[in-house]
1. Enumerate the amide H contacts of R411 below 5 Å, restricted to partners 5 or more residues apart or on another chain; note that Pro and chain-start residues carry no placed amide H.
2. Mind ordering 210-217, 510-517 by average Cβ neighbours within 10 Å, highest first?
3. In sequence order, what are the phi-derived ³J(HN,Hα) couplings for the range 261-272 according to the Karplus relation 6.51 cos²θ - 1.76 cosθ + 1.60 with θ = phi - 60°, rounded to whole Hz, with x for glycine and proline?
4. Compute the convex hull volume of the Cα atoms of the range 62-203, divide it by the residue count, and report the result per residue in Å³ as a whole number.
5. Could you go through the range 501-512 in sequence order and give the Karplus-derived ³J(HN,Hα) for each residue, using 6.51 cos²θ - 1.76 cosθ + 1.60 with θ = phi - 60°, rounded to whole Hz, and x for Gly and Pro?
6. May I ask you to give the percent of accessible area on the range 31-103 that is carbon plus sulfur, with a probe radius of 1.4 Å?
7. Could you sort the peptides 42-50, 250-258, 121-129 by per-residue average Cβ neighbour count (10 Å cutoff), highest mean leading?
8. Hey, could you pull the Cα Rg and Dmax for the range 404-458, both in Å?
Amino acid sequence: MRIPLPRPRSLAGQLFAMQAVLIAVVVAGYALFTYVSDRSQAEQAAGRQATAVARSVADSPSVREAIRTSDPSSRLQPYALAVVRGTDVDFVTIMDPRGIRWTHPDPDQIGLVFQGHTGPALEGRTFTETYTGTLGPSVRAVTPVRDGDRITGLVSAGIRVEEISQRARGQLTALLAVAAGALGLGAIGTYVINARLRRHTHGMNATELSHMHDYHQAALHAVREGLLMLDWQYRVALINDGGRELLGVDQEEDVVGRPVAELGLPAPLTGALLASEPRVDEVHLTADRVLVVNTSPVTGGQRRGSVVTLRDVTELQSLMGELDSERGFTQALRSQAHEAANRLHTVVSLIELGRAEEAVDFATAELELAQALTDQVVAAVSEPVLAALLLGKTAQANERGVELVVSDDSRLDDGLLPDTLPARDLVTILGNLIDNAVDAAQGGLHPRVTVTALTETEEDGSELILRVSDTGPGVAPDHAEAVFQRGFTTKPSGPGGRGLGLALVRQAAGRHGGTLSVTSSDEGGAVFEARLPLRDAAGAKGLKGAV
């Protein structure tokens, strides 16, 4: 049977024990120091008191007068006892210059030699000393009695050391009572503080907290998604490597403690991070990424901040765009297959009716029409990816009742585009512009979309121009910039799932140093134009028909 080992004391418990011991040591040390100091001060006070009493007795005229008599003890003994009773001294001894006592608390000691030093007093000085006499150890003062210039006697007043110790012990008792109260208050305060600390640390000890910190750091670096924690003032409290990469923050830059508004993020994304309410799966754009943002407030009776998770869906969004295009192509092919079946049935029926010549003419005309469309597109845009895109979008637009044409001045040869301009980005740019134009033109009297793809040479280099115009309602001048913002749409279905296409186009263009603009067309619709610089030197070859 395995005996469970005792769990280490929690961090709060360790701190409480340490603080309690520290307070006890401080109080005990202070009490000891105070006792020693008070005893020393009590001895000094006793010496001053004994000196005052001795001088007062020595200066008394009745004492000098009694010394002149033949029996000084008869008059001085009652006087000395009265002084002892009236003051806080334990004895007053009056003696002749030889040290023979005239007075003493014990009458049997009268006439005997004083036990102690008298030399300094015989020289005319008052002094104090600690000496063990007939009454035990005492702090005493000895002073001369003068009669004119002569020293006619000596006076010693003293307080027993035992009495001094009793006074110090009384002070020590009071001090210990105060110290005990301070220790109790300190223990209560320490307990309250550590109870709060125990709640914050969830009763974990230092080792457990250290391990949790290590796991915490390892998890932050291992998680590929972005994690951002903000405090209640919307300052960065924590950010992992994934968050730095997705937000475009330098890995070496210290952003902890900086407000979110100072990170240089797009305004919509900054607004989402500063929002007090939770955000769920919101799509936001940065300079070169599409991010899904989730925010959740951290509360504990009051707002303490928020936790933000970031997921990069740039590739997913691109694939979804390609999937939408493929789905459109599939629908177009399905429709074309249906139309081809109808045409085939027509040809078969004409043959069955004995009109073979008319059947051949009908089939030839349909084939020439399809081939003419392919030849027109390939002649203008021989770049294979864009040519395939235009053919598919043409069929898709026709199915929606919109005519899609490639302008006569289009010219884009195969091999012209540099490797720095991937086909996927071109599909994103041109595909979204065509989809947007078809949506705008659909339902008009003469719905048409015109596509222009060409290169243009300037003094500072060449650039690719992709221009898409439509016969739709156009874009209002006050919306010329807003149409490129994430979530903007004028369609009745609202922003759910819409308002992202043009934002992605601008993002893709900006990623390659290009621009995206919108103007009005002569036919009343809108003209969207993307200009992409061709930085690769290889792009200079094969420029044909450039405007």
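The values are calculated or read from the model by the stated rules, or taken from the named source; none is laboratory data. This one's a predicted model, so the numbers in the text were calculated from it and none came from an experiment. No Cβ is skipped: glycine too gets one built from the backbone with ideal geometry, and neighbour counts run over all protein chains shown. What goes into the accessible areas is simple: the full protein's heavy atoms, side chains included, and nothing from ligands, DNA or RNA. Shrake-Rupley method; radii C 1.70, N 1.55, O 1.52, S 1.80 Å.
1. A453, L454, T455
2. On the way: 210-217: 10.9, 510-517: 16.5.
Averaged packing, sorted descending, gives the order 510-517, 210-217.
3. 5, 9, 7, x, 8, x, 4, x, 5, 4, x, 5
4. Values: hull volume 21.9 nm³, N = 142.
Given the Cα convex hull of the range 62-203, per-residue volume reads 155 Å³.
5. Each residue's phi maps through the Karplus curve to give x, 5, 5, 5, 4, 4, 4, 5, 5, x, 4, 10 Hz.
6. Working: 1950 of 3660 Å².
Taking all protein chains in place, the range 31-103 shows 53 percent carbon and sulfur surface.
7. Working: 42-50: 18.9, 250-258: 10.1, 121-129: 15.6.
Packing proxy ranking, top to bottom: 42-50, 121-129, 250-258.
8. Gyration radius and largest Cα-Cα distance of the range 404-458: 13.5, 42 Å.
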